[in-house]
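Working notes for the structure below.
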Amino acid sequence: MAEASAEQITRLLADWSQGDEHALAAVTPLIYEELRRLARKHMRGERANHTLQSTALVHEAYVRLLGQNVEWKSRTHFYAIAAKMMRRILMDHAKKHKASKRGSGVAAQSLDEPALVAQESTKELIALDDALTTLAKIDPQRSEIVELRYFGGLSNEESAEVLGISPATVQRQWAGAKVWLYNEMSDSDKKGL
């Protein structure tokens with residue numbers, strides 16, 4: 001299949017948003033491979049005996065995306081929402097796993113690269129999710145930037161497009177969010193949370 005342009009995918013997503021089922025049928029094979037790439041990136045660092053596989057993650061995220069009543073602005077917007085869906089699915093799964101294991105102790109980690117989620121253990125993912133939830137209450141835009149950059153793997157420019165702000169603002173806010181999250185998670189680790 002020939003690779004579709006970003007404009008073609010955006011047009012099909014917009015048509016789907018308006019209820020065009022033919023557009024949904026046309027866009028599905030075009031977006032599926034990117035969804036699989038996102039899922040593989042998220043699943044890389046999960047424990048070896050993880051019961052959720054990347055294909056199941058794609059399918060669960062896709063089903064949830066079908067249920068969204070969103071007016072897709074662009075393919076970047078779509079993939080950002082898909083990455084958030086995958087994050088939520090993995091967080092739900094990690095929290096269920098933690099509840100069954102009752103583990104504790106969290107090590108601080110670096111947020112220097114997007115999608116480092118692959119290197120995190122279940123406890124670290126939960127600690128990051130908790131810190132990100134706290135950040136969302138304090139500074140929703142920085143929280144959104146972390147989700148787009150870290151979980152979605154979007155660049156500053158792509159994140160800026162989704163949020164309607166400048167890439168320079170994304171870069172500044174991303175830098176500040178990394179410091180805040182590192183400090184928050186370090187404090188949690190010291191407290192044994």
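Counted residue by residue at 0.36 nm each, then reduced by the alpha carbon distance between them, the extension gain from Gln53 to Asp187 reaches 45.0 nm. Between Thr134 and Arg172, the contour length at 0.36 nm per residue exceeds the alpha carbon distance by 11.7 nm. Which of rounded, prolate or oblate describes region 132-189 when judged by the alpha-carbon gyration tensor and an a/c cut-off of 1.5? Prolate is the answer for region 132-189, as a/c is 1.5 or above and a/b outweighs b/c.
Between Gln68 and Arg40, what is the FRET efficiency for a Förster distance of 25 Å, r being their Cβ-Cβ separation, to the nearest 0.05?
0.65
None of the figures in this text is laboratory data; all of them are computed from the coordinates on show. Just so we're clear, the structure is a prediction, and the values are computed from it rather than from any experiment. FYI the Cβ positions are ideal-geometry reconstructions off the backbone, even for glycines, and counts take in every protein chain you see.
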